[in-house]
Amino acid sequence: MKALPLVGLVLALAVSLAAAPGESSWRMKADYVEACSCHLFCPCYFNKHAEHPMCEFNMAVTVREGHSGNVDLANAKYWLTGDLGDKWGTEKKAKWVTVSFDPKTTQAQRDALAPIILKTYGLEWAELKVQEAPIEIRQSGDIVEAKLADGKQAYLKLQREPGVDGKGVVLKNVKYFDAMQNDGFQMYRSIEHRADVAGHQFSYADRSAFLISIVSQDTNAK
């Protein structure tokens, strides 16, 4: 898989931050498949601390619709692998993250998505890397699978929590990082959740997972 220079990500962020106030610069709606190392459900959303000193995660993301300036973001895919650590909720600092762009995501989309990704989470990362790798996401009934580099770099297999009526559990009215809105956390549990990317390895099962659709938008846009 090709490693991409961090310079492009930083420059894209700088350009975004320099956008004139009131300019309608970007907005996206994205669908997430996500799992982490904590037990169901993520304690960070309520206690500002992970269950352990780390929160190792995978997020497979498909942009449903969106734009940045005149760049259409629809159908772009990216994958986040990393460790939030235990201070993201109190100090806005996290340990590491690798952003993987699917090869079909164009360079213009990547340049546009870089600042959007950083702003959506609003965190200072001690280590940030960018690379390219194929992303696959598939859902069949109550099972969702996601693969990075055909599962060699990261893999998710999640099962929906059935709920009392067997139709699933959705947690609503909880904020997702700095996203403007979301449609609720659809509760899943990991059957398998692992990564081997950018010098980091982890593997978990029977831990917290969810599906969620978020809207992230330039707060200066009218």
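A few comments on the model shown:
- Which numbered condition His193 fails, given (1) farther than 17 Å from Phe57 by Cβ; (2) outside any loop (DSSP other than H, G, I, E, B); (3) in contact (Cβ under 8 Å) with a residue 24 or more places away in the chain: (1)
- Scan of the range 126-162 for residues that are surrounded by fewer than 15 Cβ atoms within 10 Å (Cβ to Cβ) and assigned to a loop (DSSP other than H, G, I, E, B), ordered by number: Gly141, Asp142, Asp150, Lys152, Pro162
- Just one residue in the set Asp165, Asp206 is on the phi < 0 side of the Ramachandran plot and either of a type in the set (Asp, Glu) or not in a strand (DSSP E or B) (or both); that residue is Asp165.
- Taken over the range 167-221, the residue count meeting the criterion of being of a type in the set (Gly, Ala, Ser), surrounded by 20 or more Cβ atoms within 10 Å (Cβ to Cβ) and under 15 Å from the mean Cα position of the chain (by Cα) is 5.
- Test: Gly66 is crowded, with 17+ Cβ neighbours inside 10 Å, in contact with a Phe, Trp or Tyr (Cβ under 8 Å, 6 or more places away or on another chain), outside any helix (DSSP H, G or I) and on the phi > 0 side of the Ramachandran plot: yes
- On the stretch given as the range 77-101, residues that are open to solvent by 20 Å² or more (accessible area, probe 1.4 Å) and either part of a loop (DSSP other than H, G, I, E, B) or among the polar types (S, T, N, Q) (or both) total 4.
- Matching option when the condition is closer than 19 Å to Val63 by Cα, assigned to a loop (DSSP other than H, G, I, E, B) and open to solvent by 10 Å² or more (accessible area, probe 1.4 Å), among Lys119, Lys104: Lys104
- Taking (1) modelled with pLDDT of 80 or more; (2) open to solvent by less than 20 Å² (accessible area, probe 1.4 Å); (3) not polar (S, T, N, Q) in turn, Ala50 satisfies each apart from (1).
- Per the conditions (1) in contact with a Ser or Thr (Cβ under 8 Å, 6 or more places away or on another chain); (2) not in a loop (DSSP other than H, G, I, E, B); (3) not charged (D, E, K, R), the sole criterion not satisfied by Ser213 is (1).
- Taken together, the criteria exclude Glu65 from residues that are more than 14 Å from Tyr121 (Cα to Cα), at pLDDT below 95 and not small (Gly, Ala, Ser).
- Annotation: Ala74 fulfils all but one of (1) under 20 Å from Val215 (Cα atoms); (2) in contact (Cβ under 8 Å) with a residue 12 or more places away in the chain; (3) open to solvent by less than 60 Å² (accessible area, probe 1.4 Å); (4) over 13 Å from the mean Cα position of the chain (by Cα); the unmet one is (2).
- Conditions (1) touching a strand residue (DSSP E or B) at 6+ places or on another chain (Cβ under 7 Å); (2) part of a strand (DSSP E or B); (3) not hydroxyl-bearing (Ser, Thr, Tyr): number failed by Ala179: (2)
The values are calculated or read from the model by the stated rules, or taken from the named source; none is laboratory data. Just so we're clear, the structure is a prediction, and the values are computed from it rather than from any experiment. In this analysis, Cβ positions are derived from the backbone assuming ideal geometry, glycine residues included, and neighbour counts consider all displayed protein chains. The accessibility values were calculated without ligands, DNA or RNA, using every heavy atom of the protein model including side chains. Shrake-Rupley method; radii C 1.70, N 1.55, O 1.52, S 1.80 Å.
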